[in-house]
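Following: one structure in structure tokens, then a few remarks.
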Amino acid sequence: MEAKAKLSYARISSRKVKIVLDMIRNKDVATALGILKNTPKAASEILEKLLNSAIANAVTNHEMDIEKLYVAECYANQGPTLKRIRPRAQGRAFRIRKRTSHITLVLKEKE
């Protein structure tokens, strides 16, 4: 039995999200929430909301025990890139890539 939560098209690069995901992988839910609250990264706020959503899905949809939950899987894949133009000297233009990511959290119960 597992509970999932997915966030698509998050306006943060997947590379930045993976740093924070590595910290909460295989941790129980209470520890993971504590880590996310005290991590000064932009991704931690997004992941905290996503983890709360996954917990709510586990409790309401699958009747899982919140005390036994842990982060079984978590990964961030690259989404579509928004391409923007920045004007530069002598009429040139530089491309700015605003990257997005698809983030998935999977919670399972410990036996």
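The values are calculated or read from the model by the stated rules, or taken from the named source; none is laboratory data. Fair warning: this is a prediction, and the values are worked out from it, not measured in the lab. Cβ: placed from backbone, ideal geometry, glycine included. Neighbour counts: every protein chain shown. These area figures cover heavy atoms from the full protein model, side chains too; ligands, DNA and RNA do not enter into them. Shrake-Rupley method; radii C 1.70, N 1.55, O 1.52, S 1.80 Å.
Of note:
- The angle separating the long axis of helix 42-62 from the principal Cα axis of greatest extent in the chain is about 40 degrees.
- Computed from backbone phi with θ = phi - 60° and the Karplus coefficients 6.51, -1.76 and 1.60, the 3J(HN,Hα) list for the stretch 12-24 is 8, 6, 5, 4, 6, 6, 4, 4, 6, 4, 5, 6, 9 Hz; x is used for glycine and proline.
- Nitroxide proxy distance, nm - points 7 Å out along Cα→Cβ at R84 and R97: 1.6
- Backbone HN-Hα couplings from phi across the stretch 69-77 [Karplus 6.51/-1.76/1.60, Hz, Gly and Pro as x]: 6, 9, 7, 7, 10, 7, 8, 10, 9
- Charge dipole magnitude, Cβ of K and R +1, D and E -1 - the chain, Cα centre, debye nearest 20: 1520
- In the full protein context, the chain carries 65 Å² of accessible surface per residue, based on a 1.4 Å probe and ignoring ligands, DNA and RNA.
- A simple rule links phi to the HN-Hα coupling: the Karplus curve 6.51 cos²θ - 1.76 cosθ + 1.60 with θ = phi - 60°, which for the stretch 97-102 gives 9, 9, 7, 10, 8, 10 Hz, with x for Gly and Pro.
- Size descriptor for the chain, Kirkwood hydrodynamic radius: 15.0 Å (Cα pairs only, one decimal).
- Residue pairs exceeding 27 angstrom between C-alpha atoms, taken from K83/K108; K18/K68; K16/K37: K83/K108.
- As a fraction of the 1.4 Å probe accessible area of the chain, surface on carbon and sulfur atoms comes out at 48 percent.
- Environment charge at Y75 (Cβ cut-off 13 Å; Lys +1, Arg +1, Asp -1, Glu -1): +3
- Positive-end residue, the chain charge dipole about Cα centroid, Cβ charges, pick of L51, A3, Y70: L51
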